[in-house]
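Report on the structure given below.
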There are 2 protein chains.
Amino acid sequence: MIIDCHGHYTTAPKALQVWRDLQIANLNTPELGPKISDLKISDDEIRETIETNQLARMRARGIDVTIFSPRASFMAHHIGNFNTSATWASICNELCYRVTQLFPESFVGAAMLPQSPGVGINTCLPEMRKCINEYGFVGINLNPDPSGGHWQSPPLGNSYWHSIYEEIVALDIPAMIHVSTSCNDCFHTTGAHYLNADTTAFMQCLTSNLFEQFSSLRFLIPHGGGAVPYHWGRFRGLAMDAAIPDLNEKLLNNIYFDTCVYHQPGIDLLAEVIPVKNILFASETFGAVRGVDPDTGFYFDDTRRYIDGAQSLSEKDRSMIFEGNARKVFPRMNAKISR
Amino acid sequence: MIIDCHGHYTTAPKALQVWRDLQIANLNTPELGPKISDLKISDDEIRETIETNQLARMRARGIDVTIFSPRASFMAHHIGNFNTSATWASICNELCYRVTQLFPESFVGAAMLPQSPGVGINTCLPEMRKCINEYGFVGINLNPDPSGGHWQSPPLGNSYWHSIYEEIVALDIPAMIHVSTSCNDCFHTTGAHYLNADTTAFMQCLTSNLFEQFSSLRFLIPHGGGAVPYHWGRFRGLAMDAAIPDLNEKLLNNIYFDTCVYHQPGIDLLAEVIPVKNILFASETFGAVRGVDPDTGFYFDDTRRYIDGAQSLSEKDRSMIFEGNARKVFPRMNAKISR
């Protein structure tokens, strides 16, 4: 079985975007709508957007299950206030829930949170509990920078975040650390902000005692860990200089990297420097990069090919990356999908 | 000959730090000093800090020449106003000039600029001209984020930067794109902010027409290009999605990467995906990582070993990385050092 641990509903019916645009247009006059009930999306529309896109691609590539969450760039937690985000998260999560109900063999849910800059993270607990306990989702996406590229929240080691950590530990789910759209002109969303956030989150963990306080907390850092594996020697050295003798012991019982790295040399490096137990298969299809690599004739985001092509991996390694590690990091998966 | 294109005076005599601390303490009362003339550093002190540190390491590793600039993390352009930075840059550049005078065979200068958030970049021209024309420096460090992790300046493609580009093109020098200390708690300076800035700068170039406007402008992106080579497939794909058919053609006539990547697999990847003509040898000794890798028994930042160990490189490739490319990117080097 192959589990893709990083998929977003990037192909949702256009009515969703129309609803969001109206919500944003009326940020200061919410009484003008839209209401949640104004959004009308039929099961057939959902089926079509999934069957012709994600599911078609999964079948072509031999991917069995995708852990599926709302579109990351659309979370845009910087827009409006908590109520704005709460309504928007509720709508987006419910749509993903409907995908998991329509395609229960192929999609398992992960939640976006109704984060809002400057608002206590405990405000996200009700939506998270609903998604895990009622919708059967198996994880969440946690945005370390809900300001959208202005980085105004405390680092992940700060007690600001503790209430959500306590609850995700209690629920036995991991958090994928995933930012959203950048509203800072300096940062291109998918080319800079996403990768920067991955690196930043890793370093925030390295310089805190977070995993001493929450020993069973699990973070999944997407996009192959940003710059981290490429600079693994730098991080090992920085850790040593900070009197942390063993970076693996400090972080790799709690941090995992996905395989959203869109060329063979990148995956080869990831597989060489990061322990196999810390790597989870993912493609983020359809995500940041949608084209075909003219050098290979295959989609850039067809990451299964790179895992298959990584010479340093054994078949047992591949099995861990494709399935076993995801079942450990997302233990609620096991009740959702057949073995 | 081996040229290290990325060295900073990180080992300057303590009087420099004392002077800076006093300058910062009196930011709002500059009449209380310190005066430039209050800083007393003798030639012998400079000799000692260099001979026992950078020069000793260069000799041990067979490095002939280092392009040497003021300590990057100490630039701290976010502190005070333009006058603060102007005085500080002037002092730091003069110290590096003295190093190049005391060790003319081993050190060639590169300038820090007196940048200050919100101030026009043209204010940096006099200090830059002095360093190039009077001190014989061969390059500059340009900080894309003088706010220190708040990213409040326009992106590098914006006309805000044009006056400095016009002058560095006229002077035929490159700019290393190098941020300074982060004063944003989210970003660890050397573990996150530096690498993020490298990735961000690359993406700012990709999404602008900068090199169409300034076809002979040369940027050196340090720290192995941040996350860029590891995600080269992502960047190629993003470029294609943005109707840029050939990323090499768009950027690699103007952008170069250094080799400050502190482990063999990282350098192997860099050498595999980035054309050899775009790679310049560097170690940033003494820089972000100062320890010995217990796995190899050698210093993490002894990057010459990784270049020597990169199997994909020919002897001609190594010669380009060690010397030839630096002479092309920093053409003023050729008048400074014997062939």
Report task. In a Gaussian network model over chain A where Cα atoms closer than 10 Å are linked, find which of A:Met240, A:Met58, A:Met203 has the largest mean-square fluctuation. Result -> A:Met240
**Report entry** Amide H partners (placed H, <5 Å) of A:Ile2, local residues excluded
**Finding:** A:Asp64, A:Val65
Report task. Shortest first and in nm with one decimal, please list how far the B:Asn334 label point sits from its counterparts in the other copies (point 7 Å along Cα→Cβ). Result -> 6.7
Query raised in the report: For segment B:86-160, what's the radius of gyration and Dmax over Cα atoms, in angstrom?
Result: 13.5, 40
Query raised in the report: A:Ser69's amide H: which non-local residues (gap 5+, or another chain) put their own amide H closer than 5 Å, with H modeled 1.01 Å from N in plane and none for Pro or chain starts?
Result: A:Gly7, A:His8, A:Tyr9, A:Ala110
Query raised in the report: If segment A:141-193 were replaced by its equivalent ellipsoid, with semi-axes equal to the square roots of 5 times the Cα gyration tensor eigenvalues, what would those be, largest first, whole Å?
Result: 24, 12, 6
Report summary line: If B:Ser182, B:Ser314 are placed from fewest to most neighbouring beta carbons inside 10 Å, the sequence is B:Ser314, B:Ser182
**Report entry** q = 0.12, 0.20, 0.21 Å⁻¹: log10 I(q)/I(0) that the Debye formula gives for segment A:1-146, counting C-alpha atoms only
**Finding:** -0.48, -1.25, -1.34
Query raised in the report: Where is the GNM fluctuation largest for chain B (alpha-carbon springs, 10 angstrom cutoff): B:Asp258, B:Asp38, B:Asp145?
Result: B:Asp38
Query - With eigenvalues of the C-alpha gyration tensor scaled by 5 and rooted, the protein assembly as shown, Å - result: 44, 27, 23
Query raised in the report: Any idea what the A:Phe214 label distances to the other copies are, label 7 Å down the Cα→Cβ vector, nm, shortest first?
Result: 4.3
Report summary line: Most fluctuating of A:Pro265, A:Pro174, A:Pro294 in the GNM of chain A (C-alpha, under 10 Å) is A:Pro294
Query - Shortest-first distances to equivalent copies, position B:Asp44, nm, label 7 Å out along Cβ - result: 9.2
Requested in this report: Kindly flag which residue pairs out of B:Lys130/B:Lys277; A:Lys35/A:Lys130; B:Lys35/B:Lys130 have an alpha-carbon separation exceeding 23 Å in this structure.
Outcome: B:Lys130/B:Lys277
**Report entry** 3J(HN,Hα) from dihedral phi, segment B:249-259, Karplus parametrisation 6.51/-1.76/1.60, rounded to Hz, x for glycine, proline
**Finding:** 5, 5, 10, 8, 8, 9, 10, 10, 10, 8, 9
Report task. Collect residues whose amide H, placed 1.01 Å from N in the peptide plane, falls under 5 Å from the amide H of A:Tyr256; neighbours closer than 5 in sequence don't count. Result -> A:Phe219, A:Leu220, A:Ile221
Query raised in the report: Counting alpha carbon pairs within less than 8 Å and at least 6 residues apart, what relative contact order, in whole percent, applies to chain A?
Result: 18
Query - Exposure proxy order (Cβ contacts within 10 Å, fewest to most) of A:Ser312, B:Ser180 - result: A:Ser312, B:Ser180
**Report entry** Alpha-carbon Rg/Rh ratio, for segment B:191-339, with Rh computed the Kirkwood way
**Finding:** 0.97
Query raised in the report: Relative to the compact globular guide of 2.2 N^0.38 Å, what is the alpha carbon radius of gyration of segment B:113-205, as a ratio?
Result: 1.08
Query - 33 Å tail of the calculated P(r), chain B, as % of Cα pairs - result: 22
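Coordinate-derived values only; no laboratory data. All values derive from a computational prediction rather than experimental measurement. Note that we place each Cβ from the backbone using ideal geometry, even for glycine, and neighbour counts take in every protein chain shown.
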